[in-house]
1. Which residue out of A:K241, A:K168, A:K193 is open to solvent by 40 Å² or more (accessible area, probe 1.4 Å), more than 10 Å from chain B (Cβ to nearest Cβ) and either without any contact (Cβ under 8 Å) to a residue 24 or more places away in the chain or under 20 Å from the mean Cα position of the chain (by Cα) (or both)?
2. Output the residue which, of all residues in region A:303-312 that are facing chain B (nearest Cβ under 8 Å) and more than 10 Å from the ligand (Cβ to nearest atom), is nearest to A:Y348 (Cα to Cα).
3. Looking at region A:255-314 only, could you name the residues that are of a type in the set (D, E), out of contact with any strand residue (DSSP E or B) (no Cβ under 9 Å at 6 or more places or on another chain) and farther than 14 Å from B:N192 by Cβ?
4. For B:T39, only one of the following conditions fails: (1) polar (S, T, N, Q); (2) within 14 Å of another protein chain (Cβ to nearest Cβ); (3) exposed (fewer than 13 other Cβ atoms within 10 Å of the Cβ). What is its number?
5. Starting from residues that are in contact with a Pro (Cβ under 7 Å, 6 or more places away or on another chain) and closer than 19 Å to A:P339 by Cα, keep the ones in region A:139-165 and report whichever is farthest from the other protein chains (Cβ to nearest Cβ).
6. Among the helices (runs of 4 or more DSSP H) lying completely within region B:126-210, list those that include at least 2 residues that are of a type in the set (F, W, Y) and more than 12 Å from the chain's Cα centre (by Cα).
7. With respect to the numbered conditions (1) touching a helix residue (DSSP H, G or I) at 6+ places or on another chain (Cβ under 6 Å); (2) open to solvent by 30 Å² or more (accessible area, probe 1.4 Å); (3) within 14 Å of the ligand (Cβ to nearest atom), which one is the sole condition not fulfilled by A:D356?
8. Going by what's in this entry, would A:N219 be described as within 19 Å of A:V141 (Cα to Cα), in contact with a Lys or Arg (Cβ under 7 Å, 6 or more places away or on another chain), open to solvent by 10 Å² or more (accessible area, probe 1.4 Å) and in contact (Cβ under 8 Å) with a residue 40 or more places away in the chain?
Amino acid sequence: MSTDKINIKDHIIEALSDADLRKAVYKATASTSVSRLNTTEAIPYWEECRVKTHCIKKDVIENLDKYLELFEKNAKNNGINIHWAIDGNDAKNILSEIAKKNNVKTIVKSKSLTTEEIHLNEFLIGNNIDTVETDLGEYIVQLNDQVPSHLVAPALHLSRTDIGKLFKDKLNVPFTDVPEELLLIARKKLREKFLSAEMSITGVNFAFAENGSFCVVENEANAHLSLSLPQVHVAVMGIEKLLPSIDELPYFLKLLAPSATGQKSSSYVNFIGGPSLQKYNEGPKEVHVILLDNGRSKILADPKLRETLYCIRCGACLNVCPVYQQIGGHAYDWTYMGPIGITLIPQYLGEIEGKDAPFLSSLCGACADVCPVKIKLPQHILELRKNVVQKNKSKIFEKFAMKTWIAVSTHPKLYRLFSWKIKKLQSFIPVEYLKLPGYHKKRSFPGIDKKGFREQYYQMKKNNNEQ
Amino acid sequence: MSSREKILSQVKSALRTKSHEEESKITIDELLKSKINLTVKTNKNDLISQFQTEIKKVNGDSIVVKSNLEASNKINEILIEAKENQIAITDQNICTEVRLNIQKGNSNLQFIIANNLDSKERKEKISQLKTAIVQADYAVSEIAQLVFLYDNSKTSYPHFLCDFVIALVKVSNLMPNQFTLFEKIDKVKALNMVLVTGPSRTADIEKVLVLGAHGPRKLIVILIDE
Ligand code: SF4
């Protein structure tokens, strides 16, 4: 379990007061959701493919020990060095040993949420290793001393003007807010790094037990350059990333790009099956895979929640989540955000540290509708909420309110009396004075409708009869 | 206890409790297969035109030719128009034939054969070149994807370090979709490969699409229909 401390509430208040941020997040997520819909609707077997990938993931997770051992054996046969890391510290020590042994001064990194999870950059930079993110979005957030605010689009919260100013300040270049020019600046700086780095670090999208290889999916070609230019390559892989064999991959590729960005296919899928320098006279002389647990086996131990390990990190659930759309990714204060984030936060950080996370959902169900591998997110969110309540971590006020609600809502006459009283009461107390949990000066309580449902319903019925 | 033993024992003990998810009684495989099959194009001309339509959508381009000689002539025209005089190329069979054909008529062009350079020199030299000619082993028409097997090309520097890539592929190696590709592909060669769909791209700045993020900005595929 991670020992990270998070502060969701303060971050939410901060996010809600930033109108530009909310606008940027809403615009980006809404347009990606539209592209996603257009692409998925054109695939006539989309739903069947979702069921298929769900079943494949279920098989992998239910037999994880066997697949891990098989992957290890076959990867070793391919000349890949396999390391096992129980947590972030373990993984960092392994990486530091590899870097020391190879006299590494510069590392190029390609987008990897697993390494964000263990705060790898901080560690490497602290050890005097120049560590550079090479995915454009990641490069931008790294320059801005931030972490990604979205699983797929790390700099989604920043405008082109923000990025122009950032480049001017940090890279000493004239200001521009033209995306093509900004990209050219980053491309030039990063090309130098690719050519001089001694080591690269990537994540893993899928690894194949049957042949001991793995693949990295991307659009920019930064992962490819990371994999092929430095002499040492290290892939940090969550233990759940396995597939039985390469034969299952096309089903996942069919779902991943449309769900993530609305593309039919990602630009590049890189397959790594061992060191290539000796064989091809280019590429790494050493390939290492670090199999990271970091709380995953604990998630596996819960037979209800283990389904959350099926996630392929496409980010589709974030894009449709009304809560994420309002507060953006940084408000969650951890690596994973949105509907999948709020199921993972309490599981990784523990129920006390992660007690607020499962409540960041309207339970509208949109996340479950879009999840390519059919994770029943709302069901898991409810389960985690139940855990918080059962372990007495809910506030006395909430408990009292819920008990009152149960009593009132199960007795119609009492309900009518209660709502009449409340309606009357609110004409004496202005809503801004109602200090209800979840409401504050950035988000005021909307008040109770003066007419109420019953009155409106009978009025509607009467109108219909008269017509 | 080593980390390996710890992780495996934790995983094994976690799996002693069975998942709460109900076993699915329906098998989806037959239905899925039949639905996928309905989308498969089998006619050669349909596959070509699908590839050409799809590559446009991902900002690439394509030309269909009837022979390696015609491919050579087309490439020569493109290179003259681009005013290129140094080209990176691989030593695969079609690339070699095309190179020799072009050199016969255009002695101003200098070809740098990536495979002939040692590792360090290859990196330095190819990264300074703008244009590359490469050979794909397969193409997938449904998504305009090219498949490069390292066992055959033994390099990927021309494919990724140059700004403008011209890729040659035989129409006989055009697969309808990735499902057929993965059935057909040699599993040992598939250990090290890369699948490429269009030029490199990013939309990380306000979702504006910009080509040439870190890899090529321009990709032309020459489909050789012998
Ligand atoms: S939970 Fe599903 S939708 Fe959300 S990131 Fe994971 S795979 Fe994608």
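1. Going through A:K241, A:K168, A:K193 in turn, the sole match is A:K168.
2. Per the criteria, the residue is A:R306.
3. If we filter region A:255-314 for residues that are of a type in the set (D, E), which is where we start, we get A:282, A:286, A:293, A:302, A:307.
Within this subset, residues satisfying the condition of being out of contact with any strand residue (DSSP E or B) (no Cβ under 9 Å at 6 or more places or on another chain) are A:282, A:302, A:307.
Of everything in region A:255-314, those that are of a type in the set (D, E), out of contact with any strand residue (DSSP E or B) (no Cβ under 9 Å at 6 or more places or on another chain) and farther than 14 Å from B:N192 by Cβ turn out to be A:D302, A:E307.
4. Answer for B:T39: the failing condition is (3).
5. Of everything passing the filter in region A:139-165, A:P148 is farthest from the other protein chains (Cβ to nearest Cβ).
6. It comes to B:178-184.
7. (3)
8. The answer is yes for A:N219.
The values are calculated or read from the model by the stated rules, or taken from the named source; none is laboratory data. All of these numbers come straight from a predicted model, not from anything done at the bench. For neighbour counting, all protein chains shown are included, and Cβ atoms are generated from backbone atoms with ideal geometry for every residue, glycine included. For the accessible areas, the whole protein counts, side chains as well, though only heavy atoms, and no ligand, DNA or RNA atoms are used. Shrake-Rupley method; radii C 1.70, N 1.55, O 1.52, S 1.80 Å.
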